[in-house]
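The structure appears below as structure tokens.
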Amino acid sequence: MKRFILFFAFALCGIYVFAQPAMKISTSEHDFGKFKEEAGRQKFDFVVMNTGDQPLVIQNIVASCGCTTPEWTKNPIPPKGTGTITAIYDPANRPGPFNKTLSVYTNSKPQVTVLVIKGEVVPREKTVEELFIFPVGPVRFESNHLAFTNVKKNAKKMQTMQVINTSKEPAKIEFENVPPHLTLKANPLTLKPGQKGLIEGTYDATKNQAWGYTTDMVKVKVNGQVDQNVYYAVSANLVEDFSGLSKEELENAPVFDITSKTFDLGKIPGQKANDVEFTFKNSGKSDLIIRYIKSSCGCTAVQQGVQGQGIKPGESSSIKAVFNSGSYKGKVTKAIYVYTNDPKNSEVVLMLNADVDQEASKN
């Protein structure tokens, strides 16, 4: 009798141990196919069935992208019962094919099941305001920034940008405060109502004494009127052209060999001028020329003593600057840009660090 009772108890325990939920999903993948962006959010229900002997709990679902939102049955799903996992995909500003996943965490085995949704979003036609984001009176430009990117110092470069007249009257487009190294013109000069045109820009780097990244701010004049609060930016990165150098010339080129690219002033008081000096040597085989030096901030005055000078092979020199701590507080980092005729170090960034203590300046 005792053996029978023990056997029966163990049998019940075995039933309890091996009873568990089991999740079966109608499909592990859904293809929305092609649909238009303006159709808005797309939904699909994955049907979940509990084929086990215990309640099934969907504990959490993690989407691989913020564009996909999951919703699911929060209550436990009883044995033989069903629930749903809804995948919601938002196509707004996401044209093109997509393939996203939903990681489903449950109390069944396996604990994680991955579902896939995919499709292709056909982009909607953008509005004039979206295509031409910079309004100036009756006309709109694609942007308020015409970027020439890299321009060689011995060359000219052309760049264009679209513009449209959104008014019901003709619009004549001109520019003011244009520097000598830059030409800007509208083609056609006068746009008819609703007509598109081009802003044609030419950057002549030979007429600009600067090096590196430069920006010019010009004004737009439409039908003789200038908005003094609106600026059109034109930028370029002026670089030296080393492409014509022979192998021998490269081997005999100058070398800008600097002791350290970082100068740490340590803890300094505010409202004080601080001297900075970076030492360097020409380790190359021909004269090193410091083309241009500029700082990232007006608080750092760079002495131009070495600019334009030829430094002989083996000779040393230095770049001196004065950092005014002014009203800065705490840790400060400023940059000094050095442009040379060293093909491998044509642009060098020097960093100036300081920890400004304004309280010390009061003592």
Check V62 against each of (1) part of a strand (DSSP E or B); (2) surrounded by 14 or more Cβ atoms within 10 Å (Cβ to Cβ) and name the one condition it does not meet. (2)
Among the candidates G197, G244, G224, residue that is out of contact with any helix residue (DSSP H, G or I) (no Cβ under 7 Å at 6 or more places or on another chain) and without any contact (Cβ under 8 Å) to a residue 12 or more places away in the chain: G244
Find the residue count for the range 66-81, including only residues that are of a type in the set (V, I, T) and either closer than 19 Å to A22 by Cβ or loosely packed, with under 15 Cβ neighbours inside 10 Å (or both). 2
Among (1) part of a strand (DSSP E or B); (2) surrounded by 15 or more Cβ atoms within 10 Å (Cβ to Cβ); (3) in contact with an Asp or Glu (Cβ under 7 Å, 6 or more places away or on another chain); (4) not hydroxyl-bearing (S, T, Y) - the single one R124 does not satisfy: (1)
Among K185, K168, the single one that is under 18 Å from P135 (Cα atoms), part of a strand (DSSP E or B) and not hydrophobic (A, V, I, L, M, F, W, C) is K185
Being farther than 20 Å from W211 by Cα and touching a strand residue (DSSP E or B) at 6+ places or on another chain (Cβ under 7 Å) is the filter here; which residues of the range 281-298 pass it? K281, N282, S283
Can you find even one residue in the range 132-146 that is surrounded by fewer than 16 Cβ atoms within 10 Å (Cβ to Cβ), assigned by TED's automatic domain parsing to the domain that holds G194, assigned to a strand (DSSP E or B) and at pLDDT 95 or above? yes
Quick test for you: out of P97, P79, pick the one residue that is of a type outside the set (D, E, K, R), part of a loop (DSSP other than H, G, I, E, B), within 30 Å of N60 (Cα to Cα) and modelled with pLDDT of 95 or more. P79
In the set K331, K320, K362, the lone residue that is without any contact (Cβ under 8 Å) to a residue 24 or more places away in the chain and basic (K, R) is K362
What residue, among those in the range 147-177 that are aliphatic (A, V, I, L, M) and farther than 13 Å from E200 by Cα, is surrounded by the fewest Cβ atoms within 10 Å (Cβ to Cβ)? A155
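The values are calculated or read from the model by the stated rules, or taken from the named source; none is laboratory data. As the structure is a prediction and not an experimental result, all values here were calculated from the model. Don't worry about glycine lacking a Cβ; one is built from the backbone with ideal geometry, like all the others, and counts go over all protein chains shown.
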